[in-house]
1. Can you pull out every residue in segment 85-112 that is within 18 Å of LEU33 (Cα to Cα), surrounded by 14 or more Cβ atoms within 10 Å (Cβ to Cβ) and among the aliphatic types (A, V, I, L, M)?
2. Only residues that are in a helix (DSSP H, G or I) and surrounded by 13 or more Cβ atoms within 10 Å (Cβ to Cβ): list them for segment 121-137, please.
3. For segment 53-67, which positions are touching a residue at least 40 places away in the same chain (Cβ under 8 Å) and either in contact with a Lys or Arg (Cβ under 9 Å, 6 or more places away or on another chain) or surrounded by fewer than 16 Cβ atoms within 10 Å (Cβ to Cβ) (or both)?
4. Of (1) in a helix (DSSP H, G or I); (2) modelled with pLDDT under 90; (3) outside the structural domain of GLN147 (by TED's automatic domain parsing), PHE103 satisfies all except one. Which?
5. For ILE159, all conditions in the list (1) over 23 Å from the mean Cα position of the chain (by Cα); (2) at pLDDT below 90; (3) farther than 25 Å from ALA37 by Cα hold save one; what is the number of the exception?
6. Please go through segment 67-93 and give me each residue that is outside any strand (DSSP E or B) and under 16 Å from the mean Cα position of the chain (by Cα), ordered by number.
7. Run SER93 past the list (1) out of contact with any Leu (no Cβ under 8 Å at 6 or more places or on another chain); (2) more than 24 Å from SER151 (Cα to Cα); (3) modelled with pLDDT of 90 or more and report the number of the one that doesn't hold.
8. Quick one: in segment 12-52, which of the residues that are over 11 Å from CYS73 (Cα atoms) and of a type in the set (Ser, Thr, Tyr) is surrounded by the fewest Cβ atoms within 10 Å (Cβ to Cβ)?
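The values are calculated or read from the model by the stated rules, or taken from the named source; none is laboratory data. Nothing here was measured: the structure is a model prediction, and the numbers come from that model. Cβ sites come from the backbone with ideal geometry, for glycine too, and all protein chains shown count toward neighbours.
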Amino acid sequence: MVTSFEKQYIETFGEFYESRGMTKILGQVYAILAYKARDADNGLTQQEIADIIDRSVSTASRVLDQLSEMGFCGYIEEINPRGRRERKYYMSSSIKQIAVGRFFKLIKDNIKLENELSQIEESIPKSEKKENRPLIKHLNEMKESIQMLNSLYKRMIEIGKDVLTQEKNN
């Protein structure tokens with residue numbers, strides 16, 4: 001059973017995710033896991049999550065697979081009373097740990113993009129550099145922006161690690 005206040009929380013999170021370009025249901029399922037399934041002992045089944053968000057089990061399953069791929073949730077498999085295999089989903093880490101992990105992934109993705117932009121620039125023959133000067137300038141501006149973002153992400157990782165260390169020591 002979910003209270004009206006819990007539904008409001010779940011709805012708010014869904015709208016927040018949607019405003020960030022993700023699906024509303026992804027935010028709703030994330031909110032449910034963050035609130036009700038903080039560890040494996042309190043995991044929720046696909047059916048339980050589907051009931052809370054008033055969607056089909058297949059929709060809940062698809063969203064849970066996405067969250068699992070993103071590293072936001074994990075699951076354990078159990079045999080239910082009917083003798084069928086069943087997954088129970090839970091938050092895989094604290095929100096702070098997830099944030100640190102996301103910054104590492106952003107840095108990795110940005111390095112890949114920066115390398116691809118460099119390859120484009122390097123592939124331009126010397127004889128065509130002059131006519132491609134605007135593109136080369138743009139590629140270098142993009143690489144500088146990526147480097148700046150990575151510096152920011154690295155700083156956020158340092159802050160996140162400091163916070164996690166402080167929490168661990170308290």
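1. Result: MET91, ILE98, ALA99.
2. The answer is GLU121, LEU135, ILE136.
3. Result: VAL63, single match.
4. Result: PHE103 passes all but (3).
5. (1)
6. If the condition is that a residue be outside any strand (DSSP E or B) and under 16 Å from the mean Cα position of the chain (by Cα), then LEU67, SER68, GLU69, MET70, GLY71, PHE72, SER92, SER93 are the ones that fit.
7. With respect to (1) out of contact with any Leu (no Cβ under 8 Å at 6 or more places or on another chain); (2) more than 24 Å from SER151 (Cα to Cα); (3) modelled with pLDDT of 90 or more, SER93 is out only on (3).
8. Of everything passing the filter in segment 12-52, SER19 is surrounded by the fewest Cβ atoms within 10 Å (Cβ to Cβ).
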